[in-house]
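*Asks:* Just dropping this structure here.
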Amino acid sequence: MKVTLPVLIFVGIPEGIALATLVFVLAEEKLYWNKIFLIGSSLSIGAYLLRLLPITFGVHTIVILILLFFILNVFEKLDAITSINVSIFTFLILVLTETATIPLLMTVLNISKNKLMQDELLKIMVYFPHIILLFLIAYLIKYKKIIKFSTKK
């Protein structure tokens, strides 16, 4: 799916920041917003650039997952097991939130897939709720301590 610049700015980058926030929460790292913004924006721009290449849809997700693991392991100095667990679990949460919200909103608002793909504003409005849900999940995990992936003692 081709991503336009407005969709990248209003959906892609906020989604990347939400993913980075969730990663930091799951890894029990302090929330350094400048790092989170940088990592989230990098993931989003990386996914955007990968989608411009003539590769099979979905390959960008695997590459971004590997990139996230690399960032966590090398730059954030998280151990490999935590980096793998947190990366995979974050992407699973992303898939679940997207699959729960986007089709539901399309059904409730009676929006066809063709109409959604042609209307940028509509796409932004339908895709944005899962981002809010990602931030909400990160908040609940951080303050309710319901999941722990870190190997910290």
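Just so it is clear, none of the values below were taken in a lab; they were calculated from the coordinates. Only a predicted model underlies this, so the values are computations on that prediction, with no experimental measurement involved. Every residue, glycine as well, gets a Cβ built from its backbone with ideal geometry; the counts of neighbours run over all protein chains shown.
*Asks:* What spacing in nm lies between the two simple spin-label points modelled at F70 and L38, each 7 Å away from Cα in the Cβ direction?
*Replies:* Computed distance between label sites F70 and L38 equals 1.7 nm.
*Asks:* Just to confirm my numbers, what's the Cα centroid distance between the range 57-114 and the range 34-54 in Å?
*Replies:* 12 Å
*Asks:* If I take all pairs of Cα atoms in the chain, what percentage of them are more than 21 Å from each other?
*Replies:* 45 percent
*Asks:* Most fluctuating residue of Y127, Y48, Y139 in a GNM of the chain with Cα springs under 10 Å: which is it?
*Replies:* Y139
*Asks:* Here's another thing I want to ask about it. Sequence gap at least 6, Cα distance under 8 Å: using those rules, report the relative contact order of the range 58-153 to the nearest whole percent.
*Replies:* Reported relative contact order: 27 percent.
*Asks:* To the nearest 20 Debye, how big is the dipole of the chain about its Cα centre, given +1 on the beta carbon of each Lys and Arg and -1 on that of each Asp and Glu?
*Replies:* 300 debye
*Asks:* Continuing with this model, one more query. Pick out, from I13, L68, M106, the residue whose Cα sits farthest towards the positive end of the charge dipole of the chain, with +1 on the Cβ of Lys and Arg and -1 on the Cβ of Asp and Glu.
*Replies:* After comparing all options, I get L68.
*Asks:* For the range 57-73, what does the Karplus curve 6.51 cos²θ - 1.76 cosθ + 1.60, with θ = phi - 60°, yield as ³J(HN,Hα) per residue in whole Hz, taken in order and with x for Gly and Pro?
*Replies:* Values, residue by residue: 4, x, 4, 4, 5, 5, 5, 5, 4, 5, 4, 4, 4, 4, 4, 5, 6 Hz.
*Asks:* Rounding to the nearest 10 and keeping the result within 0 to 90°, find how far the Cα-based axis of helix 33-52 lies from the longest principal axis of the chain.
*Replies:* 50 degrees
*Asks:* Residue by residue through the range 122-136, what is 3J(HN,Hα) from phi via Karplus (6.51 cos²θ - 1.76 cosθ + 1.60, θ = phi - 60°)? Round to whole Hz and write x for glycine and proline.
*Replies:* After applying 6.51 cos²θ - 1.76 cosθ + 1.60, I find 5, 4, 4, 5, 7, 7, 6, x, 5, 5, 4, 4, 4, 4, 5 Hz.
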